[in-house]
Each structure stands twice: as structure tokens, then as C-alpha cells.
Amino acid sequence: MNIRKPICDSHVHSHFSFDASPSASPDAICERAKALGMTHIAITDHNDVNVLFDHSFPPYPEKEAAQSIAEAKKRHDGSVCLAYGVELGQAHQYTEAARAFLDVFDPDVVVGSLHSLRGEPDFYSLGK
């Protein structure tokens, strides 16, 4: 029996992340994944909870992203397994905001990240 091994990427940013291409819609990501022979994708856009308080980057559009990914998941079911995820940044600094997001949106995948220290600029902007 010839069983195909899964080819996965569990950390993909769509256009809902400030650092992704405007053309990287969930549907476009699924189409590209299929073209590359990938079987599983997790869209894990940035939700750096500190931006709600320090306004360092645009806030993550939670509802719009969740709905768009859910719709893409239905459209591409059977051709690529799409998981709804989030890259949850600075959750340790604002635990209540992080928990509130997780309680409402309940993502399939959570990638924890640290992009800035409290009161310091985002590492993304260092050296610029």
C-alpha cells in the first residue's frame, strides 16, 4: 500500500497579518499549498495582544479573519486540510486579553511568540 506522507506548514500568515502580502488571502494560500503538494496548512496570523494597549501595529481583525478562514476551510475541504490558528504575541503581558480572545475564538492552533518587551519597541523595528 502506498500511503502519502503529509506535507504540512503550521505557521502561515495571511493578509490579516501586518507583515504578509495583501494578496495572501486564505483561499490564495490554500491554492498555493495545493499547487506545492501540501496536505495541511495552519493559518496563524499575528494577534499581538499588546497592540490593543500600545497601538504599535494595527489590531488583528479577529472576527473577519475567523470567518474568512472558516469559509476557505469549507471551500477547500478534501484538497487541503486547513486549520484556523493564531500567533498569539505577548500573551504573558496581557493575560486577560489573551484569554478573552482564546475563549471566544477557540483556534485549532496557537503559536506563542514574544515580539516586544513591555515598554520597548517591537523587535521587528529594531535596527531600522
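The values are calculated or read from the model by the stated rules, or taken from the named source; none is laboratory data. Please read these numbers as outputs of a predicted model, since none were measured by experiment. Cβ coordinates were reconstructed from backbone atoms using ideal geometry, including for glycine residues, and neighbour counts include every protein chain displayed. To get the accessible areas, we keep the full protein, side chains included, count just its heavy atoms, and leave off ligands, DNA and RNA. Shrake-Rupley method; radii C 1.70, N 1.55, O 1.52, S 1.80 Å.
Ignoring aspartates and glutamates fewer than eight residues from residue 73 along the same chain, the ones with Cα atoms less than 18 angstrom from its Cα are 9, 27, 31, 45, 62, 64, 106, 108. Result for the chain in a Gaussian network model with C-alpha springs under 10 Å: among 23, 79, 14, the largest mean-square fluctuation is at 23.
With all projection directions averaged, the alpha carbon convex hull of region 21-128 covers 7.6 nm².
May I ask you to give the percent of accessible area on the chain that is carbon plus sulfur, with a probe radius of 1.4 Å?
Carbon and sulfur atoms account for 55 percent of the accessible area of the chain.
Rounded to the nearest 20 debye, the dipole size of the chain about its Cα centre is 520 debye, using +1 on the Cβ of Lys and Arg and -1 on the Cβ of Asp and Glu.
Let me check something: with ligands and nucleic acids excluded, how do 104, 110, 86, 12 order by accessible area (1.4 Å probe), largest to smallest?
The residues order as 104, 110, 12, 86, largest area first.
Taking 0.36 nm per residue of sequence separation and removing the Cα-Cα distance, the residue 102/residue 28 pair yields an extension gain of 24.1 nm. Estimated from helical segments only, the mean residue ellipticity of the chain at 222 nm is -9000 deg cm²/dmol, where each DSSP H run of four or more residues counts as -39500 (n - 2.57). Sorted largest first by accessible area at a 1.4 angstrom probe radius, with every protein chain in place, the residues 39, 95, 44 fall in the order 95, 39, 44. Computed as a quarter of the hull surface, the mean projected area of the alpha carbon convex hull for region 74-128 stands at 5.7 nm². Using 0.36 nm per residue and subtracting the Cα-Cα separation, the extra length available between residue 77 and residue 40 on full extension is 12.3 nm.
Of the residues 63, 73, the one with the largest accessible area comes first in the ranking 63, 73, computed with a 1.4 Å probe on protein heavy atoms.
Remark: relative contact order (region 40-128) = 35 percent; criterion is Cα-Cα distance under 8 angstrom and separation of 6 or more residues. The H on the amide N of residue 11, modeled in the peptide plane, is under 5 Å from the matching H of 42, each at least 5 residues off or on a different chain.
Surface exposure of the chain, expressed per residue as accessible area with a 1.4 Å probe, stands at 59 Å². Per residue, the average separation of C-alpha pairs within less than 8 Å and at least 6 apart gives region 9-81 a relative contact order of 37 percent. In this structure, the pairs whose alpha-carbon distance is over 19 Å, taken from 34/74; 34/63; 5/34, are 34/63.
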